[in-house]
Amino acid sequence: MPSTIHGVSASPGIVVGEAHLLFWEVPEVRARVIAEDEIEGELVRFHAAVEKAIDRLHRVKARAEEKAGAAEAAIFDVQVAILQDVELRKRVETLIRQSLSAEKAFDLVLIEWRDHFARSTNPMMRERIGDITDVHIRVLSLLLNLPDHDPVDLEPGSNAILVTHDLTPSLTIQLDRRAIVGIATDAGTRTSHVAILARSLGLPAVVGLIDATSKITSGDRLILDGTNGTLIPRPTAAVLAQFADRAQREQAAQRELASLAGAEPVMTDGTRVTLLANVDLPDEAAPAAASGAGGVGLMRTEFLVLGRTAMPSEDEQYEAYAKVLRAFGTLPVVIRTYDVGGDKLPIGGFPHEPNPFLGWRAIRMCLDEPELFKVQLRALLRAAVHGNARILLPLVVSVEEVRQARFLLQEAAAELTRRGVPFKADVPLGVMIETPAAAMSADSFVGEVQFFSIGTNDLVQYTLAVDRGNASLVTRFTPLHPAVLRLIARTVQVGHGAGLEVEVCGEMASQPLMAYALLGLGIRTLSVAAPGIPVLKRIVRGVSATGSAVAAQAALAADTPREAEQILRQALAEELGEELLGGLLGLA
Ligand code: PEP
Ligand code: MG
C-alpha cells in the first residue's frame, strides 16, 4: 500500500474522494511526421479538438456567469474568438498538410501567436497572452489525450479531491463546491490564504505536502485527513473503514460542540468573551450568524476582487457589504478595506513585484489610488446604514496612513452628500496591528482610531521574518515566540489603557493553546472562521481569567516558543482536563 503523505492541516475534516490532478501548464509535444494518407485524418482530429474546446469554454463561461457575472465571464469569449480565428485555423491546416501531426502543428502556431503578442507594444495585446496560453493547454490536452485538468468545470457530484502544486486564492474562489470535496497542495501553510479560504468554506484541506503531485495519479482514490494533515493514496478496505469510523466520531464531536451555539462565551469566573466570525465571502455571512458568532471580526473584502479582472463597482460592493451587515442585525461587523497584494492578486491587474509581501499592497495601494479607494469607502458608508458597521485598515505602519484614510473617508462622505445618497457618517475606524511597527507605536494610533485588531498571521511573518506561505518554513512560523507574545501584550496594554477594544483576527485565535495564551494576555474578543467558533467557545467556557493570565505571564517569560507551548499545554490541560483538551486539539 502506498504510504501516507504528511503535510500541514489547513482545514479540518476527513473525506474520501477521487484525485483530480491539476497541472495548468502547456504540455510538451514531441515532433511527429505523418504520412501522406494520414493528413485528412489529422485535419479531422484538429477540427474536432477545437470544436470540443469551444464547447467546453461555453460551459465554463456559463458557470462563471452564474458565479461572477457577465462582465467576468466575457474573458472566455476572447478564448473562443482565438479558436475561431480563420487565420489561425488556416495556418495549422497548412502545417498539417506539410506532414506535421495535428498537435505539433497547433503547438507551433500557438507559440508563434504567443511570441507575436508578447512583442506587441500594445498592452491590451500583451494582456491576451494568458488567454492564448489557456487555449493552448485546452486543445493540446485534447489532442494528446491527457487527463482532464480543468478544475473549474468539474461536474457536480464528482467527489473530487484537487491535488496540485499550489493554488491561488482566485482559483479557490472559482472552484465548484458541489464537485470538489477537498484540497491537497504541495505548497502552502496554515496561514496562506488558500488555507484560510478553505477553512471559511468548511472545505477539508491539507497543504505543504511537498511532492504529493508526483506520487498521485488522477483518478486515484484518496483519503484526505484535513484534521491531521495527511493524504492516503489508494487506501485498503481496512484503512477506509478505520477512517470512516474516525470521521464519524469527529462529526459527532462537532455536532455536540455545535449545540453550544446558543451558549454564552463566558469564562468559569464569569468573565465575558466575544467570539466573532471571519467572513471572506458575503455568502458565508448567514451560516456564520447561525453558528453563534457575536458579529463579524473581519470581512476580507479583497476576496470580492480575486479571480476577476476588474474591481467591483460601488453598487456591487454596497450590495455585498449590506448583505453581511443585514445578516448580523445590530451585532458589530468589521469590514476591512482592500488588502490586495501579497498572495492575493486579481487576474493580471497588478505589477509583479520581487517582494510582494513587502510591496505595494493593502493600505499603500489604496492611498496611492485614491479614486479606486473612494469607490470602496462610498460603498462602505452607504452599506453602513443597514447595521452596525466598523471600518478596519490593513497593514498600517504609521499613523499618517490613518489620517490620510480618514481624509479620504470624509471626501467619500461629502461626495455621497452631494449625490443625495443615504449613508452613515460616523462609522468607527480601526487599525490592524499586523506589523511590528504598528505594535511598537500602538500609542500613536490611540487618538485616531476606535479599535485595534491584531492580525497575527502577518505580525508573526514580519516579526520573525518568516514567509507565512512557505511550506519549508512551517516549523519556524511560531506564534508563541516571545517576541510575538510581547508585541501582543504591549498592544493590549496600550489599547485597553486608552479604553479601546482590542481583538485578534489572525489564525492564532483558532488554535486552542494560542487562544488560551491570548485570553491570558487580556484579549476579550477573538475572531475566527465560523466553523472554528464551537471549539473556541468550549475552551472559553472551560477556563478562568486568572488561570489563563498566570499561564500567559509564564509563557511571556519563556525563552523559546517550545517552552511557551509546554507551559500553556500543561496549564490548559489542568483547566480543561487532559481528555477534553486532547479531543479539542484534534478538532481545531
Ligand atoms: C492577519 O494578517 O493576521 C490577518 C488577519 O489578515 P490576512 O490573513 O488577511 O493577512
Ligand atoms: Mg494580514
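The values are calculated or read from the model by the stated rules, or taken from the named source; none is laboratory data. Remember, it's a predicted structure, so these values are computed and weren't measured experimentally. Glycine also receives a Cβ, built like all others from the backbone with ideal geometry; neighbour counts cover every protein chain displayed.
Go over the candidates Ala19, Ala81, Ala10 one by one and state the one that is closer than 26 Å to Val305 by Cβ, hydrophobic (A, V, I, L, M, F, W, C) and in a strand (DSSP E or B). Explain how you work it out, then say what you get.
On the way: Ala19 fails: closer than 26 Å to Val305 by Cβ; Ala81 fails: in a strand (DSSP E or B).
Among Ala19, Ala81, Ala10, only Ala10 is closer than 26 Å to Val305 by Cβ, hydrophobic (A, V, I, L, M, F, W, C) and in a strand (DSSP E or B).
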Restricting region 416-440 to residues that are more than 22 Å from Asn388 (Cα to Cα) and more than 29 Å from the chain's Cα centre (by Cα), the one farthest from ligand 1 (Cβ to nearest atom) turns out to be Arg418
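Counting just the residues of region 370-411 that are of a type in the set (S, T, N, Q) and in a helix (DSSP H, G or I), which one comes out nearest to ligand 2 (Cβ to nearest atom)?
First pass over region 370-411, keeping only residues of a type in the set (S, T, N, Q): 376, 388, 398, 404, 410.
Now restrict to residues that are in a helix (DSSP H, G or I): 376, 404, 410.
On the way: Gln376: 17, Gln404: 19, Gln410: 26 Å.
Here the residue is Gln376.
Residue-by-condition table, conditions (1) within 16 Å of ligand 1 (Cβ to nearest atom); (2) among the β-branched types (Val, Ile, Thr); (3) modelled with pLDDT under 95; (4) buried (at least 19 other Cβ atoms within 10 Å of the Cβ):
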{"position": "Phe477", "(1), (2), (3), (4)": "yes, no, no, yes"}
{"position": "Leu485", "(1), (2), (3), (4)": "yes, no, no, yes"}
{"position": "Arg490", "(1), (2), (3), (4)": "no, no, no, no"}
{"position": "Ala515", "(1), (2), (3), (4)": "yes, no, no, yes"}
{"position": "Val535", "(1), (2), (3), (4)": "no, yes, yes, yes"}
{"position": "Ala549", "(1), (2), (3), (4)": "no, no, no, no"}
{"position": "Thr560", "(1), (2), (3), (4)": "no, yes, no, no"}
Would you mention how many residues in region 77-116 are surrounded by fewer than 16 Cβ atoms within 10 Å (Cβ to Cβ) and farther than 14 Å from Leu43 by Cβ?
10
Residue match in region 213-223 (condition: within 22 Å of the chain's Cα centre (by Cα), modelled with pLDDT of 90 or more and not acidic (Asp, Glu)):
yes
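For region 437-461, what are the residues that are more than 20 Å from Ala515 (Cα to Cα) and either within 16 Å of ligand 2 (Cβ to nearest atom) or part of a helix (DSSP H, G or I) (or both)? Quick ask: steps written out before the conclusion?
As a first pass, look at region 437-461 and keep what is more than 20 Å from Ala515 (Cα to Cα): 437-438, 440-450.
Hits for region 437-461 are Ala437, Ala438, Met440, Ala442, Asp443, Ser444, Phe445.
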Taking Val446 as meeting all but one of (1) farther than 25 Å from Leu587 by Cβ; (2) free of Cβ contacts under 8 Å to residues at least 12 places away in the same chain, write down the number of the exception.
(2)
Of the conditions (1) more than 16 Å from ligand 2 (Cβ to nearest atom); (2) touching a residue at least 40 places away in the same chain (Cβ under 8 Å); (3) in a loop (DSSP other than H, G, I, E, B), Pro312 fails just one. Which one is it?
(2)
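For region 495-508, check the following and say yes or no: at least one residue is surrounded by fewer than 16 Cβ atoms within 10 Å (Cβ to Cβ), farther than 21 Å from Asp269 by Cβ, hydrophobic (A, V, I, L, M, F, W, C) and touching a residue at least 24 places away in the same chain (Cβ under 8 Å).
The first filter runs over region 495-508 and keeps only residues surrounded by fewer than 16 Cβ atoms within 10 Å (Cβ to Cβ), leaving 496-499.
Those left that are additionally farther than 21 Å from Asp269 by Cβ: 497-499.
Right, trim to hydrophobic (A, V, I, L, M, F, W, C) and you get 498.
Filter again for touching a residue at least 24 places away in the same chain (Cβ under 8 Å), leaving 498.
Looking through region 495-508, at least one residue is surrounded by fewer than 16 Cβ atoms within 10 Å (Cβ to Cβ), farther than 21 Å from Asp269 by Cβ, hydrophobic (A, V, I, L, M, F, W, C) and touching a residue at least 24 places away in the same chain (Cβ under 8 Å).
Quick one: would you say Thr271 is of a type in the set (Val, Ile, Thr), farther than 23 Å from Ala184 by Cα and touching a residue at least 12 places away in the same chain (Cβ under 8 Å)?
Values: of a type in the set (Val, Ile, Thr): yes; farther than 23 Å from Ala184 by Cα: yes; touching a residue at least 12 places away in the same chain (Cβ under 8 Å): yes.
Answer is yes for this residue.
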Selected residue (criterion: nearest to ligand 2 (Cβ to nearest atom)) from residues of region 412-433 that are in a helix (DSSP H, G or I) and surrounded by 15 or more Cβ atoms within 10 Å (Cβ to Cβ):
Ala412
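Where in region 185-251 are there strands (runs of 3 or more DSSP E), lying fully within it, with 1 or more residues that are within 16 Å of ligand 1 (Cβ to nearest atom) and not basic (Lys, Arg)?
Working: elements: 205-207, 221-225, 230-233.
Qualifying strands (runs of 3 or more DSSP E): 205-207.
Kindly indicate whether Ala465 is more than 13 Å from ligand 1 (Cβ to nearest atom), outside the structural domain of Ala327 (by TED's automatic domain parsing) and over 27 Å from Ala277 (Cα atoms). Full working, then the answer.
On the way: more than 13 Å from ligand 1 (Cβ to nearest atom): yes; outside the structural domain of Ala327 (by TED's automatic domain parsing): yes; over 27 Å from Ala277 (Cα atoms): yes.
The answer is yes for Ala465.
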Working carefully through the options Val86, Val50, Val78, find the one that is more than 37 Å from the chain's Cα centre (by Cα) and at pLDDT 80 or above.
Val86
Sort out which residues of region 215-237 are touching a Phe, Trp or Tyr at 6+ places or on another chain (Cβ under 9 Å) and among the acidic types (Asp, Glu), and write them in order of number.
Asp225
Of the conditions (1) modelled with pLDDT under 85; (2) farther than 24 Å from Ser218 by Cβ, Leu43 clears all except one; give me its number.
(1)
